[in-house]
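What follows is a single structure, written as structure tokens, with notes after it.
The numbers here are math on the coordinates, done by the rules we state, and not lab data. Just so it is clear, the structure is predicted and the values come from calculations on it, not from any experiment. All Cβ positions, glycine included, derive from the backbone under ideal geometry; neighbour counts span all protein chains shown.
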């Protein structure tokens, strides 16, 4: 579900015309639908309604302060992976006591900062990290709440760069080693309090089967740790996928040649119906850590066509956004549908949409059938709300784009466009 639709032939975010935003704020430009973000959060919250639970939004998906504030006000918890993300959550009004801190390489300064702010739990990724967490907590004279990330060795059948639940991945600890590690923590690391258990098998999952397999495999371990070590929660991770191949309106269905009828979202009702019955008899608080599901389809990247280059082999449509603004297509073959801001029923064309970066990998699509937009036209790259701006860079000394948050008929600047002076601030 999302709030990007054509109204009177103009593509809107909720009740705001995207062409007007592009004209007022320039391009490239990220635009987010606040109501879509909240709708996705509340849908997931309701799906787990039969459980004692919390939805911990994965900040890495989109860390804009306005987005975080919106979710904090809705009651969300937060899954963070750096001290910087914790800082953002606090600045946005989030409660650090509702934050879980994941990641394989936490630094001393990050651990101290998190302990000083009394976060809910550290999700620990190795025995060495658990020992170091104990050491730092002892120096401060405090106790560190911890949960070990178990690797259930379940194949999520997703892209290799976002698969995290198999034994060959860098994340988590082998399933077979978890029980002994909790026993060791109780014996040897007195400044660690084992508060829970965590797992996450990967991102962009569109089938319920891997989730069910992982929950069934890990559930007996969670029961054992509850009895032996009095853990209070089990985080089952995130990973619910979204649809990147998505037709906006029937008026453009004729050119939506890349639409994949088998690529459909995993229904949240389906997810809840399959997972909740497996968890309700555990007596543990269940945490879930969605990121992409909450914000992915809530955002678009607007970019203006600069030139059209026709060669013997290909047609290139050159736009003013580049891989520094949205790296997903270059990094892991991420797909983003392309929509014109005015309904376009012209004869479709096959073309590459490329940016101005001096890299052959700087493209948003290759050999794709799309509406025949022209130089000067603004297009929208859909489903850009997750892993879009957060992965942007200043490569080729390009300023970062602005971000806009829409609420109904109101659009506010959630981040100003970076200036050239901003680019060199801090350099000597």
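Stretched out fully, how many nm does the piece from residue 179 to residue 223 gain, at 0.36 nm a residue minus the Cα gap?
14.7 nm
Label points 7 Å out from Cα along the Cβ direction at residue 7 and residue 186: separation in nm?
In this crude spin-label approximation the distance works out to 5.9 nm.
Counting other beta carbons within 10 Å of each residue's own, what order do 336, 42 fall into, fewest first?
Ranked by crowding around the Cβ, least crowded first: 42, 336.
Subtract the Cα-Cα distance of residue 369 and residue 412 from 0.36 nm times their separation in residues, and report this length gain in nm to one decimal.
12.1 nm
Calculate for the chain the 222 nm mean residue ellipticity that helices alone would give, adding -39,500 (n - 2.57) per DSSP H run of length 4 or more and normalising by residue count, nearest 500 deg cm²/dmol.
-8500 deg cm²/dmol
Does the range 297-424 come out rounded, prolate or oblate by the C-alpha gyration tensor, with a ≥ b ≥ c the root eigenvalues, rounded set by a/c under 1.5 and, if not, prolate when a/b is larger than b/c and oblate if not?
Oblate shape, in that a/c is at least 1.5 and b/c is the bigger or equal ratio.
Counting pairs of alpha carbon atoms under 8 Å apart in space and at least six apart in sequence, what relative contact order in percent does the range 35-295 give? Intermediate results must be reported in sequence, preceding the final value.
Numbers: 487 pairs, mean separation 58.0, N = 261.
Dividing the mean separation by the residue count of the range 35-295 yields 22 percent.
Computed FRET efficiency, Cβ-Cβ of residue 316 and residue 135, R0 51 Å: what is it to the nearest 0.05?
0.40
Could you line up 420, 38, 278 from fewest to most neighbouring Cβ atoms inside 10 Å?
Exposure proxy ranking, most exposed first: 420, 278, 38.
Which percent, nearest 5, of DSSP beta bridges in the range 1-109 are antiparallel?
Values: 6 of 12 bridges.
Around 50 percent of the beta bridges assigned by DSSP in the range 1-109 are antiparallel ones.
Taking one equal scatterer on every alpha-carbon of the chain, how large is log10 of I(q)/I(0) by Debye at q = 0.08, 0.09, 0.10, 0.13 1/Å?
-0.47, -0.59, -0.72, -1.13
Cα centroid distance between the range 330-392 and the range 176-235, in Å?
Using only Cα atoms to place each centre, the spacing works out to 41 Å.
Test of understanding: in a Gaussian network model of the chain with alpha carbons linked when under 10 Å, which of 284, 205, 224 would top the mean-square fluctuation ranking?
Sorting by GNM fluctuation, first place goes to 224.
Which of rounded, prolate or oblate describes the range 66-155 when judged by the alpha-carbon gyration tensor and an a/c cut-off of 1.5?
Verdict is oblate for the range 66-155.
Under a GNM of the chain (C-alpha, springs under 10 Å), which listed residue has the highest mean-square fluctuation: 352, 372, 281?
Of 352, 372, 281, the most mobile in the Gaussian network model is 281.
Starting from 0.36 nm per residue, how many nanometres of slack lie between residue 306 and residue 393 once their C-alpha separation is accounted for?
Residue separation times 0.36 nm, minus the Cα-Cα distance, leaves 29.2 nm.
Please find, in a Gaussian network model of the chain (springs between Cα atoms separated by less than 10 Å), the residue of 123, 64, 312 whose mean-square fluctuation is greatest.
It is 312.
As a test, work out the antiparallel percent of DSSP beta bridges whose residues both lie in the chain, rounded to the nearest 5.
50
Take 113, 293, 395 and order them by how many other Cβ atoms sit within 10 Å, fewest up front. Before the final figure, lay out the partial values.
On the way: 113 19, 293 30, 395 15.
Fewest to most other Cβ atoms nearby, the residues stand as 395, 113, 293.
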